[in-house]
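See below for the structure under consideration.
The values are calculated or read from the model by the stated rules, or taken from the named source; none is laboratory data. Please read all numbers here as calculations on a predicted model, not as lab measurements. Note that each Cβ is placed from the backbone with ideal geometry, even for glycine, and that neighbours are counted across all protein chains shown. All accessible areas refer to the heavy atoms of the entire protein, side chains included, with ligands and DNA or RNA removed. Shrake-Rupley method; radii C 1.70, N 1.55, O 1.52, S 1.80 Å.
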Amino acid sequence: VQSCLARHDDAVGCDVDPKCVWNDVNPQCEKNCSLIAAQIDCEAQRDTCEWSAQYSKCQVRCAILYDNTSATSCSADPRCQYNAINNACQTECSAVPTKAVCAVTDGCAWNPQNKQCKPACGQYGNE
């Protein structure tokens, strides 16, 4: 069986293949995140995938699933949030597992009292 990279050299062909996902950051076709079982393999494909500690599975990043113009679709997904400042869909802050990752996630801030990542003030209409 050929890899997604070997089968598709453009986003159009890659996006219609249910076993693949297009990587916009490093333009190439990669294995669909939902088909990756191991956390280490998921994290190796970090441009398109992210590991969900809550569900113990690999998932397509919110920014890949929902382009910058689909705020409604992004916000309808419980694991995603729309960042109006960056005009981009991203992982919901509360799903960010660590202080270090939270610190580098746009629009999120670490809450030391409950040790959770939360939306930063003013980012999502929660002022």
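Just name one of 95, 5, 34: the one whose Cα is farthest towards the positive end of the charge dipole of the chain (beta-carbon charges, Lys/Arg +1, Asp/Glu -1).
So the residue furthest toward the plus end is 95.
Taking the chain as a whole, which cysteines find no other cysteine Cβ under 4.7 angstrom from their Cβ?
For the chain, the answer is 121, because their Cβ atoms have no other cysteine Cβ under 4.7 Å.
Dipole magnitude of the range 8-59 about its Cα centre, charges +1 at Lys/Arg Cβ and -1 at Asp/Glu Cβ only, in debye to the nearest 20?
The dipole magnitude comes to about 280 debye.
On average, how much accessible surface per residue is there in the range 19-127, in Å², for a 1.4 Å probe, leaving out ligands, DNA and RNA?
Value returned for the range 19-127: 60 Å² of accessible area per residue.
Under a 5 Å amide H to amide H cut-off, with H placed in plane at 1.01 Å, what residues pair with residue 61 once short-range neighbours are removed?
Correct list: 49, 50.
I need the Kirkwood Rh of the range 1-119: take the reciprocal of the average 1/r across all distinct C-alpha pairs and report it in angstrom.
Evaluated over the range 1-119, this radius sits at 15.0 Å.
List the residues, sorted by chain then number, that are 5 or more residues from residue 109 or on another chain and whose placed amide H is less than 5 Å from its amide H.
118, 120
Carbon-plus-sulfur fraction of the accessible area of the range 1-88, 1.4 Å probe, in percent?
C and S fraction of accessible area: 52 percent.
Loop-only check: which chymotrypsin sites (Phe, Trp or Tyr not before Pro) in the range 28-77 are DSSP coil with at most 13 other Cβ within 10 angstrom?
Those satisfying the criteria are 55.
Would you please give the residues with an amide H less than 5 Å from that of residue 88, counting only those at least 5 places away or on a separate chain, with H modeled from the backbone geometry?
83
About its Cα centre, what dipole magnitude does the chain give when the only charges are +1 on Lys and Arg Cβ and -1 on Asp and Glu Cβ, stated in debye to the nearest 20?
Dipole size: approximately 520 debye.
Which residue, 114, 22, 48, has the largest displacement toward the positive end of the dipole of the chain when charges sit on each Cβ (Lys, Arg +1; Asp, Glu -1)?
Towards the positive end, the residue furthest out is 114.
Using the Karplus curve 6.51 cos²θ - 1.76 cosθ + 1.60 with θ = phi - 60°, what ³J(HN,Hα) values do you get for each residue of the range 14-30, in whole Hz, with x for Gly and Pro?
Per residue, the Karplus-derived 3J(HN,Hα) values read 5, 5, 8, 8, x, 8, 10, 9, 7, 9, 6, 6, 10, x, 6, 8, 10 Hz.
Provide the per-residue ³J(HN,Hα) series for the range 83-88, in order, calculated from phi with Karplus coefficients 6.51, -1.76, 1.60 and θ = phi - 60°, each as a whole number of Hz, with x at glycine and proline positions.
9, 5, 5, 8, 6, 8
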